[in-house]
Amino acid sequence: MSEAAKGGLRGLDVAAVSRWLAERVEGAQGELRFELVAAGGSNLTYRVETQDGRRFALRRPPERARVATAHDMAREWKILAALDGHRECGVPVPAAIAYCADASLIGAEFYVMAFAEGRILRGPADAADMDAARCLRAAESLLDVQVAMHTLDADAVGLGDLGRRDAYVERQLSRWLRQYQAVKSRELPLVHSLHARLSKAIPPQQRVGLVHGDYRFDNTVLGADDRVVAVLDWELCTLGDPVADFVWSILYWSDPGDPTDFGSPSPTRHPAFPRRADAIEMYARKSGLDLSQIDYYRAFSWWKMACLVEGVVARLRAGAGGGLGASSDLGSVMKRVEWMLECAEEAARAID
């Protein structure tokens, strides 16, 4: 029996979960092997493998949830189950298998889904064997799936009550200013001045779409044909402004030679990928949305990311891990926040 099976694994009572799975999930009987495959500040994901090699994924909140709505398992399960039940909508997800509302079992609600098999492009090295044709196919598939989200009839798939449909950017501006104020350990005047400028210039919301909240290659699984076979990490999903969702995503799309990245080094730095400008043009053509206000959304996205990463500063000051890997030293993260605010200010100059 593995060490995990004897009862010890971060955030999981393996013995209790094994009994629960055996009673409710076909093929999950017998000894199971558990492995934590995704942690950090996000929801925890475990690979569950049976003796005959069948695999599942189990999701639960982090042990110290920071944003309640981002760690609502019932809500995430609802999204997954709805999309799984309407695969014709063009938004692929792992098959939804079982949900546990009894938080007493492991200290939190959780759910089980099929384990999405395939390739996840987390950085340029993961795409090193892909030529231009394969990279274009992956890029087009990534954009096609996001357009499918953004044109989804939420009522038709049972997600019409997922959230408010209007004023998405207004609500995000309010939410992330509150988040910053709740965790700040220093004064950053640009946070407030940019919030005021952005609040006065919000473009009209063109459409209501399913907003993933952090859509990028790193949160998708590619199949053998380099097309998206599963979208992961629905914890930030809501209804809202598709353009805001797209521009957040496209900032992750770094070109070769870019001095830095929105997040970790992007797989699109691999020179065989289309350039960011090409991806923007493809999304505009496929979605039919007007991207003439893209500078506003760039400024908003940089500002929002700065507020988010300032939360990492607060956690580092408190002695907790920042979730940014090797770059999680206090000084570098503080400077990164300041740089992000400068990027937001530069983009905002085009909208004043």
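What follows is calculated from the coordinates using simple rules that are stated; it is not laboratory data. As the structure is a computational prediction, the values presented were derived from the model and not from experiment. Note that each Cβ is placed from the backbone with ideal geometry, even for glycine, and that neighbours are counted across all protein chains shown.
Once you have a ≥ b ≥ c as the square roots of the Cα gyration tensor eigenvalues for segment 124-348, tell me rounded if a/c is under 1.5, and otherwise prolate or oblate according to whether a/b is larger than b/c. Oblate, because a/c is 1.5 or more while a/b does not exceed b/c. Spin-label pair residue 285-residue 261: with each label point 7 Å from Cα along the Cα-Cβ axis, the two points sit 2.7 nm from one another.
What full-extension length gain, to one decimal in nm, is calculated for residue 51 and residue 342 as 0.36 nm per residue of separation minus the Cα-Cα distance?
Values: separation 291, 0.36 × 291 = 104.76 nm, distance 5.29 nm.
Between residue 51 and residue 342, full extension yields an extra 99.5 nm.
For segment 241-252, putting each phi into the Karplus relation 6.51 cos²θ - 1.76 cosθ + 1.60 with θ = phi - 60° gives couplings of 8, x, 5, 4, 5, 5, 5, 4, 5, 6, 5, 6 Hz, in residue order, rounded to whole numbers and with x for Gly and Pro. With respect to the chain, whose longest principal axis is taken over its alpha-carbon atoms, helix 73-84 is tilted by about 90°. The relative contact order of segment 14-114 comes to 22 percent, based on Cα pairs under 8 Å that sit 6 or more residues apart. Here the 3J(HN,Hα) profile of segment 141-150, calculated from phi with Karplus coefficients 6.51, -1.76 and 1.60 at θ = phi - 60°, is 5, 4, 6, 4, 5, 5, 5, 4, 4, 6 Hz, Gly and Pro shown as x. Less than 5 angstrom separates the built amide H of residue 44 from those of 60, all sequence-distant by 5 or more or on a different chain.
Given only helices, namely DSSP H runs of n ≥ 4 each adding -39500 (n - 2.57), what is the per-residue ellipticity at 222 nm of the chain, to the nearest 500 deg cm²/dmol? Numbers along the way, then the final one.
Values: 9 runs with 134 residues, N = 352.
Mean residue ellipticity, 222 nm, calculated: -12500 deg cm²/dmol.
In plain terms, the chain from residue 38 to residue 329 could stretch by 102.7 nm, reckoned as 0.36 nm per residue minus the Cα-Cα distance. Checked against a 20 Å cut-off, the cross-linked pairs 200/304; 184/335; 78/286 give Cα-Cα distances beyond that limit for 78/286. Placing unit charges on the Cβ atoms only, positive for Lys and Arg and negative for Asp and Glu, gives the chain a dipole magnitude near 760 debye about its Cα centre. Once the Cα-Cα distance is subtracted from the 0.36 nm per residue extended length, the residue 278 to residue 308 segment shows a gain of 8.0 nm.
Highest mobility in the GNM of the chain, judged by mean-square fluctuation with C-alpha springs under 10 Å and restricted to 28, 224, 127, is found for 224. Quick one: angle between helix 168-183 and the longest Cα principal axis of the chain, in degrees between 0 and 90, rounded to 10, please. Tilt relative to the chain: about 80 degrees.
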